[in-house]
1. Can you tell me which residue is modelled with the highest pLDDT among those in segment A:182-211 that are touching a Gly at 6+ places or on another chain (Cβ under 6 Å) and not β-branched (Val, Ile, Thr)?
2. If I ask for residues that are open to solvent by less than 20 Å² (accessible area, probe 1.4 Å), within 11 Å of another protein chain (Cβ to nearest Cβ) and in a helix (DSSP H, G or I), which ones from segment A:203-219 would you list?
3. Which one of these is open to solvent by 30 Å² or more (accessible area, probe 1.4 Å), more than 17 Å from residue B:108 (Cα to Cα) and in a loop (DSSP other than H, G, I, E, B): B:153, B:176?
4. Name the residues in segment B:88-100 that are of a type in the set (D, E, K, R) and at the interface with another protein chain (Cβ under 9 Å from one of its Cβ atoms), would you?
5. Return the total of residues in segment B:292-312 being of a type outside the set (Lys, Arg), open to solvent by 70 Å² or more (accessible area, probe 1.4 Å), closer than 20 Å to residue B:276 by Cα and assigned to a loop (DSSP other than H, G, I, E, B).
6. Of the numbered conditions (1) in a helix (DSSP H, G or I); (2) more than 14 Å from every other protein chain (Cβ to nearest Cβ), residue B:167 satisfies every one except a single condition; which is it?
7. Given the conditions (1) assigned to a helix (DSSP H, G or I); (2) more than 10 Å from chain B (Cβ to nearest Cβ); (3) touching a helix residue (DSSP H, G or I) at 6+ places or on another chain (Cβ under 8 Å), report the number of the one that residue A:247 does not fulfil.
8. List the residue pairs whose Cβ atoms are under 8 Å apart, where the first residue sits in segment B:273-288 and is over 22 Å from residue B:309 (Cα atoms), the second is among the basic types (Lys, Arg) and not in a loop (DSSP other than H, G, I, E, B), and the two are 6 or more positions apart or on different chains.
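The values are calculated or read from the model by the stated rules, or taken from the named source; none is laboratory data. Keep in mind it's a predicted model, so treat the numbers as computed, not measured. Reconstructed Cβ throughout: ideal geometry from the backbone, glycine too, with neighbour counts over all protein chains shown. Each accessible area value is taken on the protein alone, full model and side chains, heavy atoms only, with ligands, DNA and RNA left out. Shrake-Rupley method; radii C 1.70, N 1.55, O 1.52, S 1.80 Å.
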Amino acid sequence: MSEITLETANGLKQTLAYPQKKMPNRFVRLLKAYPLVFVGGIMVLALIFIAVFAKQLAPYNPNYQFPNGLALSGAPLAPNHQFIMGTDDLGRDIFSRVLYGAQVSLEVGVFSSLISLFIGTTLGIVSGYFGKWVDSIIMRITDIMLAFPYILFVVALVAVLGQSVTNLFIAIGVLGWAVTARVVRGQVLSVKEFEYVQAARAMGAPTWRILFKIIFPNIGAPVIVLTTLAIGNNMLLESTLSFLGIGVAPPQASWGNMLAEGQQVFQYAPWLLYYPGLALLLAVLGFNLLGDGLRELFNPRRVR
Amino acid sequence: MSDNTALLSVRDLQKYFPIKRGLMQSTKGYVRAVDGVSFDVSPGETFGLVGESGCGKSTTGRSILRLIEPTGGQVFFGGKDIRKLGRSSMRKMRQEMQIVFQDPYGSLNPRYTIKQTLEEPLIIHGMERSSAARTKKIAELLETVGLSPSRMNRYPHEFSGGQRQRIGIARALAVNPKLIIADEPVSALDVSVQSQVLNLLDDLQKQLNLAYVFIAHDLSVVKHISDRIGVMYLGKIVELSDADDLYAEPLHPYSQALLSAVPIPDPDAKRERIILQGDLPSPANPPTGCPFHPRCKDAMDICKTVTPQWKEVRPGHHVACHLYH
């Protein structure tokens, strides 16, 4: 413990017996308590930056098939000074394709999660607050949604809607609200028993006011955490679907369809799998770290 | 039946909660939380409702406000049966009767500042149109309950239990009610703070001519504040009388047992402690005859089979017990 000496006006030196340790500011304290939030946050910010500025960052057109992009044998080129992540089996620059792939992944991840968030929160609040038969019906539908193989459902819906990025996130979002609805319903069930909700009813507050101005703000934290985690999961799902060939249609770059292409040549050109795989790993990891960190952060029993 | 001077008349109020069991959630019976409660409250009067946990006091209070929809009976407020009111007239009626809750921690929205909490009733009822007028009204309310208006932008967690309870009272007062249902308003507070809040309630009653339905399980608290008292047991009122009468001479054996548990501030005073045997029976399956007979020290044969009639034994002193027939 360091001592603090003060000089008074008449030149006497005083030593404080119990020097107050200066509290670091909130940001530093949070950083110390939850370093992973910041790691996750930085990864997510980096991903957003890459996705937004893919066009400026990418050295080449991601779909251009370089005449010098293939070896004489027709094999893809290993990473070198011109193509820093190598080329794929059509002679395209993998680095540029990975950057553009971030765009697709983020777009699908974010928009599908927002759609799920909207549907899930609305149904969850209605179900939890009104209870009785409304609750039974919504929760049985939720059970069906959860019981049905999700990927199969999305595949079917994409097949009906047609293959495009927009339809992909609509399909993922429209079918992925079940978990959100359940979590929100559970939160509403506990929050609505609080006396401040009863007080609002006794006051004569209209139902919409109770639902959206009183209950909704009090269930926000878990919903934010859930949505952050859902973005990561939905990015993974997008890749899965693209890998299976029903997500993003070639030639548009997506980490999933890059992996699918790389799978055919990985025995002699493994870098086709390394880089999109690594990008996917880091992106999903970033969102998961951020989501887990936020969960800790919102826990009122932790650091103040 | 309801006499015209009463502000609130509760007649044969019932609230049965269905017990659902099994795969089809069929109703297997009812918990008779409130089973035929009747009483009147005059303007400016305090009616105390006492009884042990689970006897239906709080359910009675909430049924009167229709926070829980009653199963049967009537609640007249100012001559109107509020159970027959539609949505918008019920909303207007809510201005007239308010509630103060037991738990000062759960009754304030943690995400609202005190100002927002108190502003809400004003907005809902369109009482003060402009924001400045609302702020002024909120400041007045806070002063009325003895809090500094300078703290209106703080959050509930920055206040102590007693202060929060004052905020809860201020919220109830915001709409200028005539009746406040106080649902154990001081039982979550420690004793020194209890008396402050009770005195506040007392002062407000004198200033604003409020009527209270004061629900409590602590008899000394009820004695301090009530004009008349109803003793509840297993969803029914078993004795109803003036507070002084009841404390001087409780008639029902249950009231006698309850009162014998109140400490007397005299170490030499000798008196008989009546210890109640057994637990409160299940309201899903109440005993036959008088609901109190399995625990009653004076139980007779008739108590096991015949439900005692509600009878005015002395002027203003009602009791439901076979001893007085």
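1. The qualifying residue modelled with the highest pLDDT is A:185.
2. Within segment A:203-219, A:203, A:210, A:214, A:215 qualify.
3. Being open to solvent by 30 Å² or more (accessible area, probe 1.4 Å), more than 17 Å from residue B:108 (Cα to Cα) and in a loop (DSSP other than H, G, I, E, B) holds for just one of B:153, B:176, which is B:176.
4. The answer is B:91, B:92, B:94.
5. Count: 1.
6. (2)
7. Looking at each condition in turn, residue A:247 falls short on (1).
8. Close Cβ pairs satisfying both conditions: B:276/B:295; B:277/B:295; B:278/B:295.
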